[in-house]
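Chemist: Below is a structure I'd like to ask you about.
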């Protein structure tokens, strides 16, 4: 299914902020309870944006997981990299186009996750296939 919509980065950050302020569920607690990231895991955060989920996993694993955050927005990646330096985390934030083959080898990651990024994939079957492969 082809989708021709790209949400601006500003809108994404506003939507995440609204959820944090007014959402009925604590999505951070729910995410960690559901996925249970563990020390030693290799984790890929597809559509990491400014790194919210990547930092959540880093904190939850006490910095003991190898986390890669990928996004196509250099503006949001810059925010993530800036926070990464500020908090002293060792998360690898890099450019990742959801609509092109991921540059990672098959079975590189123990956990591949994505939150709030579905809006940026133009072909969901392709993007989910790539995420499943790595």
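Chemist: For 29, 134, 87, 46, what's the fewest-to-most ordering of other Cβ within 10 Å of each Cβ?
Modeler: With the fewest neighbours first, 29, 134, 87, 46 line up as 29, 87, 134, 46.
Chemist: Separate question: Sorting 14, 41 on the 10 Å Cβ count, fewest up front, what's the list? All intermediate terms of the calculation are to be shown ahead of the outcome.
Modeler: Details: 14 12, 41 17.
Ranking 14, 41 by Cβ neighbours within 10 Å, fewest first, gives 14, 41.
Chemist: How far, in nm, would the chain grow between residue 103 and residue 29 when pulled straight, counting 0.36 nm per residue and subtracting the alpha carbon separation?
Modeler: Details: separation 74, 0.36 × 74 = 26.64 nm, distance 3.05 nm.
Contour length minus Cα-Cα distance gives 23.6 nm.
Chemist: Please report the antiparallel percentage of DSSP beta bridges with both residues in the chain, rounded to the nearest 5. Before the final figure, lay out each step's value.
Modeler: Values: 1 of 13 bridges.
In the chain, approximately 10 percent of DSSP beta bridges are antiparallel ones.
Chemist: Still on this structure, please answer the following. Viscosity 1.567 mPa s, temperature 4 °C: give me the Stokes-Einstein translational D for the stretch 36-133 in µm²/s, with Rh taken as the Kirkwood radius over C-alpha pairs. Write down the numbers at each step before the final one.
Modeler: On the way: Rh = 13.3 Å.
In µm²/s, the coefficient rounds to 97.
Chemist: Between residue 126 and residue 15, how many nm apart are label points set 7 Å from Cα along the C-beta direction?
Modeler: Label at residue 126, label at residue 15, 2.0 nm between them.
Chemist: What FRET efficiency comes out for the pair residue 75/residue 115, r = Cβ-Cβ distance, R0 = 22 Å, nearest 0.05?
Modeler: On the way: r = 18 Å, r/R0 = 0.83.
Efficiency for this residue pair is about 0.75.
Every number here is computed from the coordinates shown, using simple stated rules; none is lab data. Keep in mind that this is a model prediction, so the values were computed, not measured. Note: ideal-geometry Cβ built from the backbone for every residue, glycine included; neighbour counts use all protein chains shown.
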